[in-house]
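Notes follow once the structure below has been shown.
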Amino acid sequence: MKRRQFIAGCGCCGLLGALPTSLLAETALLAPTRFQRPDPNTDEGGLWAMLDREEAKLRRSLFLLRDKPINEYVTRIACRLVGDHCPDLRVYIVRSPFFNASMAPNGMMQVWTGLLLRMANEAQLAAVLGHEIGHYLARHSLDRLRDAKSRSAFGQFLGIALGAAGAGGAAPLAQLAVTASMFAYGREHEREADRIGLELMARAGYEPMEASRVWEQLLAEIKSEKDWSGDAGERSILFASHPPAQERQQELVARAATLGATNAETGEAAYNAMLAPHRWGLLEDELKRRKSGETLALLQRMLERAPQDSELRFFMGEAYRIRGAEGDIQLALEAYQTASGQAGAPPELYRSMGTIYRQTGNQQAAVDAFRRYVAAKPGAEDVEMILNYIKEGV
Ligand SMILES: [Zn+2]
């Protein structure tokens, strides 16, 4: 497939004048004229029809995060990146603690909350969305559809999609995962999507160096898990289908340097404000993954930016408590104690302390901690149970 110049027909390239011409020639991207709905009698038309059915199910899914401000925020960033194609794009935020995003050729974009929780700022989210938009603009799905080697993967997808038809709002998360990952592109496509994403980011005024940090963070996280094998591909489909994480990260650093947009926007404050009302719930989801090593690395990184954040400190305690390896209980108690002295400390930390003291036979300390919890949160759902513990002397 012949790639057309992406930047050529672009009417919105504020930063274009600053880009070196050699880079423009090298990126060889394509013209962003909006895509027309393909003829239903073609292979591409068939693919769109299938994706439209998937999207109808996704729209009814119980896993969608329907909160308006967060949906508008993510859509705004995607539109800022995709420019003229904005009317063709529909963002769906899926509540799932895994790192995932995708954009299908019919314009359906999925962003999973595990990804949102992991981005340090708006520029990092723009990097991931820009990459997915890169696949869309370069129409990689078409190449894949017409590649004989991937036919069986599409057939499998179709089977799953049809098999689950009628599941409606209860469509399992596994099915959404299939929709999100059906376009497991080859490495050349991934590299091209990275290049387009970076250009889009810089053009929209974001700091392009943040793209490499996304990968740096993810790698650091998965290496923190105790069963880390040294092969990132084993741990995540994302690493399996993409170029080796380290190579990719280095390439992104080198390219970002040529774009030279230092001191561009990272949008950290705006990002944190958007995430704030959802963060507690997303951190609870994160704990349910039972990957405490990864969760602790994530929280550590978040705490470096906000050391006085009592909510993050509490969840740090929770991750240690759940892992329960040697020394973890002590570390959990220390985290709860630190959190209790910080502003806005969540009362739940006293419940967790009480639970640990109860399990370790420290009765008086357990009763004291449970009393503090009940006093701070008298309307909590589990108050009756906690009062019973106190009455029975734990
Ligand atoms: Zn990709």
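The values are calculated or read from the model by the stated rules, or taken from the named source; none is laboratory data. Since this is a predicted model, take the numbers as computed values, not measurements. Positions of Cβ are generated from backbone atoms using ideal geometry, with glycine treated the same way; all protein chains shown enter the neighbour counts.
At-a-glance table
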read-out	value
Residue within segment 287-295 that is surrounded by fewer than 20 Cβ atoms within 10 Å (Cβ to Cβ), over 30 Å from GLU221 (Cβ atoms) and not assigned by TED's automatic domain parsing to the domain that holds SER224 present	no
Qualifying position, being away from the ligand (no atom under 12 Å from the Cβ), assigned to a helix (DSSP H, G or I) and touching a Ser or Thr at 6+ places or on another chain (Cβ under 7 Å), among GLU216, GLU199	GLU199
All positions within segment 117-140 that are away from the ligand (no atom under 16 Å from the Cβ) and out of contact with any Leu (no Cβ under 9 Å at 6 or more places or on another chain)	ALA120, ASN121, GLU122, ALA123
Given (1) surrounded by 20 or more Cβ atoms within 10 Å (Cβ to Cβ); (2) at pLDDT below 95, index of the condition THR258 fails	(1)
Count of residues meeting criterion [more than 29 Å from ALA325 (Cβ to Cβ) and of a type outside the set (D, E, K, R)] in segment 206-227	5
Subset of segment 99-116 (residues that are of a type in the set (Phe, Trp, Tyr) and either out of contact with any Leu (no Cβ under 8 Å at 6 or more places or on another chain) or free of Cβ contacts under 8 Å to residues at least 60 places away in the same chain (or both))	TRP112
Residue check for MET316: of a type in the set (A, V, I, L, M), modelled with pLDDT of 95 or more and assigned by TED's automatic domain parsing to the domain that holds GLY361	yes
Residues of segment 343-380 that turn out to be more than 22 Å from LEU312 (Cα to Cα) and outside any helix (DSSP H, G or I), as a count	5
Selection within segment 245-296 - farther than 26 Å from ILE93 by Cα and outside any helix (DSSP H, G or I)	GLY260, ALA261, THR262, ASN263, ALA264
Hits in segment 69-88 - residues which are among the hydrophobic types (A, V, I, L, M, F, W, C) and without any contact (Cβ under 8 Å) to a residue 24 or more places away in the chain	CYS79, CYS86
Residue check, GLU225 more than 16 Å from the ligand (Cβ to nearest atom) and surrounded by fewer than 18 Cβ atoms within 10 Å (Cβ to Cβ)	yes
Scan of segment 256-311 for residues that are closer than 20 Å to ARG323 by Cβ, out of contact with any helix residue (DSSP H, G or I) (no Cβ under 6 Å at 6 or more places or on another chain) and charged (D, E, K, R), ordered by number	GLU284, ASP285, LYS288, ARG289, ARG290, LYS291, ARG301, GLU311
Which listed residue is of a type in the set (Phe, Trp, Tyr) and over 27 Å from ALA276 (Cβ atoms), from TYR389, TYR336, TYR373, TYR320	TYR389
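Table: residues versus (1) of a type in the set (Phe, Trp, Tyr); (2) surrounded by fewer than 16 Cβ atoms within 10 Å (Cβ to Cβ); (3) without any contact (Cβ under 8 Å) to a residue 24 or more places away in the chain.
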{"residue": "PRO307", "(1), (2), (3)": "no, yes, yes"}
{"residue": "PHE315", "(1), (2), (3)": "yes, no, no"}
{"residue": "TYR320", "(1), (2), (3)": "yes, no, no"}
{"residue": "ALA335", "(1), (2), (3)": "no, no, yes"}
{"residue": "ARG358", "(1), (2), (3)": "no, no, no"}
{"residue": "ALA365", "(1), (2), (3)": "no, no, yes"}
{"residue": "TYR373", "(1), (2), (3)": "yes, no, no"}
{"residue": "GLU384", "(1), (2), (3)": "no, yes, yes"}
